[in-house]
Every structure is written in C-alpha cells, then in structure tokens.
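Below: the structure, in structure tokens.
The values are calculated or read from the model by the stated rules, or taken from the named source; none is laboratory data. Treat the numbers as computed from the prediction; the structure is a model and nothing was measured. Positions of Cβ are backbone-derived with ideal geometry, glycine not excepted, and every protein chain shown enters the neighbour counts. Only protein heavy atoms, including side chains, enter the accessible area calculation; ligands, DNA and RNA are left aside. Shrake-Rupley method; radii C 1.70, N 1.55, O 1.52, S 1.80 Å.
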Amino acid sequence: QVQLVESGGGLVQAGGSLRLSCAASGRTFSTYAMGWFRQAPGKVREFVAAINWNGSNKFYADSVKGRFAISRDNAKNTVYLQMNSLKPEDTAVYYCAAVEMSATGPRPLFASWGQGTQVTVSS
C-alpha cells in the first residue's frame with residue numbers, strides 16, 4: 001500500500017482546464033493500477049478514470065469521456081488527470097486510489113482515502 005497526496009485542484013471557469021496530480025510514496029507504486037474518483041457535496045463517491053500499471057489501458061466514466069485524460073509517470077511515482085472543457089457538474093473533491101477491476105469496472109483496492117483536492121467549476 002502507498003501513501004497518496006492529491007494536488008492541482010482549484011477554481012476555474014466553465015470550459016477551462018485543470019491538471020490534477022497524485023503523488024505516491026512507496027516502492028511498489030508501479031505495480032498498481034490507479035484511478036481517480038470524485039465526490040460532490042451530498043453525493044456518493046463516483047469513479048472518474050483509471051489506468052493500468054504501465055499506462056497501456058485506460059478507462060473513463062461516460063460523463064468525462066472526451067474531456068478528461070488520465071496518465072502516469074512511474075519514474076516520478078505520479079498519476080495525473082488532465083481535465084478539459086470543465087463543467088459546473090465536475091465540481092467535487094477528487095481523490096486518487098489504487099484500483100482493481102470488478103464486474104462493474106474499476107474499484108478501489110483499499111478502503112482508506114486521502115484528503116483529495118477540491119475542484120470548483122463556476123458557470
């Protein structure tokens with residue numbers, strides 16, 4: 001298990017872009033598939049995007065396809081989420097986590113979550 005710290009969130013106008021980073025500590029980072037999740041106030045946490053260990057396979061929620069792009073740099077122990085064409089409904093706290101595949105798609109491998117990074121999109 002690795003320690004994860006999200007950053008890069010902020011306030012942006014609709015149509016703008018943000019790039020989130022998830023910095024990991026631990027020597028086994030490159031062995032994990034990684035994912036991004038988000039949670040808006042009063043809403044359940046939802047899956048956003050995932051990437052396998054070497055970046056060859058990527059998965060996205062339908063709501064962000066064509067707008068968001070997940071990537072990783074194992075040499076830097078970091079996973080990224082490039083968010084373009086942001087909409088007010090993208091407003092949420094964004095979290096990264098190690099993931100595994102389930103019948104319904106990627107799910108968190110571990111039960112714990114970090115602090116996340118706040119993304120606020122104004123209309």
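Things worth noting here:
- Relative contact order of segment 26-111, defined on C-alpha pairs under 8 angstrom at six or more residues apart (%): 31 percent
- P(r) weight above 19 Å for the chain, C-alpha pairs, percent: 41 percent
- Accessible area of the chain divided out per residue, in Å², using a probe of 1.4 angstrom: 53 Å²
- Longest site-free stretch - the chain; sites: chymotrypsin sites (Phe, Trp or Tyr not before Pro), DSSP loop, at most 16 other Cβ within 10 Å: 54-109
- Coupling constants for segment 102-108 follow from the phi torsions by the Karplus curve (6.51 cos²θ - 1.76 cosθ + 1.60, θ = phi - 60°), and in residue order they are 10, 4, 9, x, x, 9, x Hz; glycine and proline get x.
- Distance from segment 21-44 to segment 59-123 (C-alpha centre basis), Å: 7 Å
- THR31/ALA103 FRET efficiency (R0 25 Å; Cβ-Cβ; nearest 0.05): 0.65
- Other residues within the sphere of radius under 11 Å centred on the Cβ of GLN118, judged by their own Cβ, net out at 0 (K and R +1, D and E -1).
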